[in-house]
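The values are calculated or read from the model by the stated rules, or taken from the named source; none is laboratory data. Quick caveat, the model's predicted, so the values are computed rather than measured. FYI the Cβ positions are ideal-geometry reconstructions off the backbone, even for glycines, and counts take in every protein chain you see.
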Amino acid sequence: MATDPAIAAPPPSRAQRAWTGVLRHAGSGLLAATVGLAILAWSTWQMRCESFGCTFVGVVWVVLAGLWAAVLLLGVVLAALQRRRGLCTRSSTWALGLLLALGAGHLLYWLQR
């Protein structure tokens with residue numbers, strides 16, 4: 001005995017529709033945050049040490065690493081939520097790829113210096 005899917009599943013609530021809308025467009029916001037982080041990373045690469053040492057540059061790098069970790073965690077959670085709802089994750093995937101490339105680039109640069 002087959003049941004009609006429209007009858008079997010209740011219609012989504014207003015909050016569920018709003019949450020799905022947020023998840024649908026959150027990948028673009030994550031990609032924009034990643035591009036902002038890349039611009040910030042580029043500006044940190046341009047910093048030079050002052051006469052008192054590289055303490056300030058080191059502090060900026062630690063802050064940048066913390067921001068990178070927070071955005072990476074946000075991106076992983078966001079991509080998982082999008083995947084769970086069956087939404088497109090193309091922009092989230094691009095953002096996560098760019099974040100991993102930024103992290104690898106910073107790590108390689110730091111290991112060489």
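Details
- Residues in the range 74-100 that are under 21 Å from Gln16 (Cα atoms) and basic (Lys, Arg): Arg83, Arg84, Arg85.
- Summed over the range 57-113, the residues that are touching a residue at least 24 places away in the same chain (Cβ under 8 Å) and outside any helix (DSSP H, G or I) give a count of 3.
- Residues within the range 84-107 that are closer than 16 Å to Leu31 by Cβ and either of a type in the set (Ser, Thr, Tyr) or exposed (fewer than 13 other Cβ atoms within 10 Å of the Cβ) (or both), tallied: 8
- Matching residues, the range 58-83, being closer than 18 Å to Gly29 by Cα, more than 12 Å from the chain's Cα centre (by Cα) and surrounded by 15 or more Cβ atoms within 10 Å (Cβ to Cβ): Leu81, Gln82
- Residue in the range 61-71 that is closer than 26 Å to Arg17 by Cα, touching a helix residue (DSSP H, G or I) at 6+ places or on another chain (Cβ under 7 Å) and modelled with pLDDT of 80 or more present: yes
- Residue list for the range 3-50, filter: at pLDDT 75 or above and part of a loop (DSSP other than H, G, I, E, B): Ser13, Gln46
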